[in-house]
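The values are calculated or read from the model by the stated rules, or taken from the named source; none is laboratory data. It should be emphasised that the depicted structure is a prediction, and the values quoted were computed from it without experimental measurement. Reconstructed Cβ throughout: ideal geometry from the backbone, glycine too, with neighbour counts over all protein chains shown.
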Amino acid sequence: MYTSALTYDAVQVMTEAFRNLRKQRIEISRRGNAGDCLANPAVPWGQGVEIERALKQVQVEGLSGNIKFDQNGKRINYTINIMELKTNGPRKIGYWSEVDKMVVTLTELPSGNDTSGLENKTVVVTTILESPYVMMKKNHEMLEGNERYEGYCVDLAAEIAKHCGFKYKLTIVGDGKYGARDADTKIWNGMVGELVYGKADIAIAPLTITLVREEVIDFSKPFMSLGISIMIKKPQKSKPGVFSFLDPLAYEIWMCIVFAYIGVSVVLFLVSRFSPYEWHTEEFEDGRETQSSESTNEFGIFNSLWFSLGAFMQQGCDISPRSLSGRIVGGVWWFFTLIIISSYTANLAAFLTVERMVSPIESAEDLSKQTEIAYGTLDSGSTKEFFR
């Protein structure tokens, strides 16, 4: 309301300033690109000084009081009314001015506990049966009214009524729901629906504050802050399988090792075939050469695979490359297997010492992303809306 009044007064000041300029026959029309903020370079508006002077000279009576400015353009000699919002409308209780500062004109100061609108009315308080907030007493059949209930919210309602001085009546929500809006009909149910459609005045319950609910009802400060908790059966120890020895390394690493093993064996086979140092003639035990002049090569495809496998298993082999290129390939493979075996041994020790527990659900996000484990929530509650 006050912002609207200031907006109205601002337009009134502009109107009065331009009316005075017109009476003084001062030309304020803009010519060319003078005063254009988007012009490059910017050209000042010569009549801007005249408009500023006319605005400072304005003195009118607006909705927000007397309007007058000093030489710097700041508002002076104005009064602000202090209003109190009552159930039957606003009421003036004083004013503020630069000279007198704050002046209270009401002889009786307003109290912070004004319940005049509730004196002849019984407030309907809606709630829901939820332990330990609201529970039925064991002998509730022998009691009447609010005496049938007990719990934290029941005590809270009693203290609020005692502090504010009004009568109240506790009612249990008919459908037993907290409150959600139907996606098709846009109708609210539960306690929120009773508040929206005027069946209840206040809801005192463990009601979660959500953005959708805040659009239709007002919330007080929460008396308790809780998150979403998940109850799940304690995970059992994982039983070792037949191929548990592969767990210390990822599946992709094992596949890379297999391809590297095959690749190194093929390279070693090709290097031995093209290198003349790997070819030699067979000799007898006494050193005499055989009569056959054919040379042989020990690194066939199967011997190459056997050499690579023996090196990977850190075992010896009865053959070894003689050429420089073959020894380079073998040395690179030995270094690779040294790193792999060392990493595997370190990870295997960790797997054997640390007890492994299978826990598929770690958070609410994990639960919502999977479909194997079935779960449930209260109908028309904030938790159900979270998992939608």
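What the table shows:
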| read-out | value |
| --- | --- |
| Scan of the range 325-345 for residues that are without any contact (Cβ under 8 Å) to a residue 12 or more places away in the chain and of a type outside the set (Val, Ile, Thr), ordered by number | Arg327, Gly331, Phe335, Leu338, Ser342 |
| Residue match in the range 204-214 (condition: more than 23 Å from the chain's Cα centre (by Cα), closer than 23 Å to Leu156 by Cβ, surrounded by 15 or more Cβ atoms within 10 Å (Cβ to Cβ) and assigned by TED's automatic domain parsing to the domain that holds Cys164) | yes |
| Of residues in the range 72-90 being within 43 Å of the chain's Cα centre (by Cα) and assigned to a loop (DSSP other than H, G, I, E, B), the one surrounded by the most Cβ atoms within 10 Å (Cβ to Cβ) | Thr87 |
| The range 244-260, residues that are within 15 Å of Phe312 (Cβ to Cβ) and either outside any helix (DSSP H, G or I) or charged (D, E, K, R) (or both) | Leu249 |
| Qualifying helices (runs of 4 or more DSSP H) (wholly inside the range 299-388; at least 2 residues being modelled with pLDDT of 85 or more and farther than 28 Å from Leu246 by Cα) | 324-353 |
| Matching residues in the range 155-174 - criterion: being of a type outside the set (S, T, N, Q), within 30 Å of Lys384 (Cβ to Cβ) and in contact (Cβ under 8 Å) with a residue 40 or more places away in the chain | Leu156, Ala157, Ile160, Tyr168, Lys169, Leu170, Ile172, Val173 |
| Residue tally, condition assigned to a loop (DSSP other than H, G, I, E, B) and either polar (S, T, N, Q) or touching a helix residue (DSSP H, G or I) at 6+ places or on another chain (Cβ under 8 Å) (or both), over the range 148-173 | 3 |
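Matching residues to (1) assigned to a strand (DSSP E or B); (2) among the small types (Gly, Ala, Ser); (3) modelled with pLDDT of 85 or more; (4) farther than 30 Å from Arg148 by Cβ:
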site: Lys92; (1), (2), (3), (4): yes, no, no, yes
site: Val103; (1), (2), (3), (4): yes, no, yes, yes
site: Thr107; (1), (2), (3), (4): no, no, no, yes
site: Pro110; (1), (2), (3), (4): no, no, no, yes
site: Asn120; (1), (2), (3), (4): no, no, no, no
